[in-house]
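One structure is given below, encoded as structure tokens.
Values in this text are rule-based calculations from the coordinates and carry no lab data. Note that the structure is a prediction, hence the values are computed from the model and not measured.
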């Protein structure tokens with residue numbers, strides 16, 4: 001069925017008197033009716049169009065001598081051998097087209113047998129990437145929570161140490177105040193003792209001088 005479609009297409013192309021002359025390779029176009037093929041058969045973006053050969057030829061040349069004849073008369077003017085030759089060329093061209101399409105499909109499939117297997121492989125790869133990313137996010141969340149817990153424990157430890165230092169400082173201040181109060185009492189007692197001794201010495205001096 002596909003061969004018949006290509007055969008009909010080739011026949012209509014022959015009626016328009018434009019035919020394909022040359023091999024078919026992965027092609028590149030410059031935006032006009034002139035297309036070019038890559039000589040090594042492997043198209044790349046850095047291929048130079050000037051180094052590629054002309055693939056299609058658009059010509060107004062007519063095979064029949066009657067310039068005002070119809071397309072049917074121009075077709076009948078060809079011999080049977082010429083018709084078979086043209087049809088053979090067109091069949092070869094169709095085969096080359098199919099070969100180019102199969103190569104393009106093989107490039108697209110990346111070694112797989114069908115698009116279904118290719119899509120399944122891509123979906124598996126996407127699923128694996130999603131699962132790996134989800135796993136990585138879970139690990140990051142757990143590490144973040146652990147960091148938060150560690151920071152909170154460290155902060156609570158620092159607060160406890162600071163409170164302990166405050167309590168210790170307060171107790172030292174209380175002890176210092178108590179010691180200072182005791183020293184003050186002892187100083188007052190010593191001053192009273194010295195005054196009393198001075199008074200007694202003065203009295204003894206006066207009594208000694210009177211005698």
| Geometric extent, Cα atoms of region 161-211 - Rg, Dmax (angstrom) | 22.0, 74
| task | Could you give me the radius of gyration and the Dmax of region 88-193, taking only the C-alpha atoms into account and expressing both in angstrom? | result | 42.3, 144
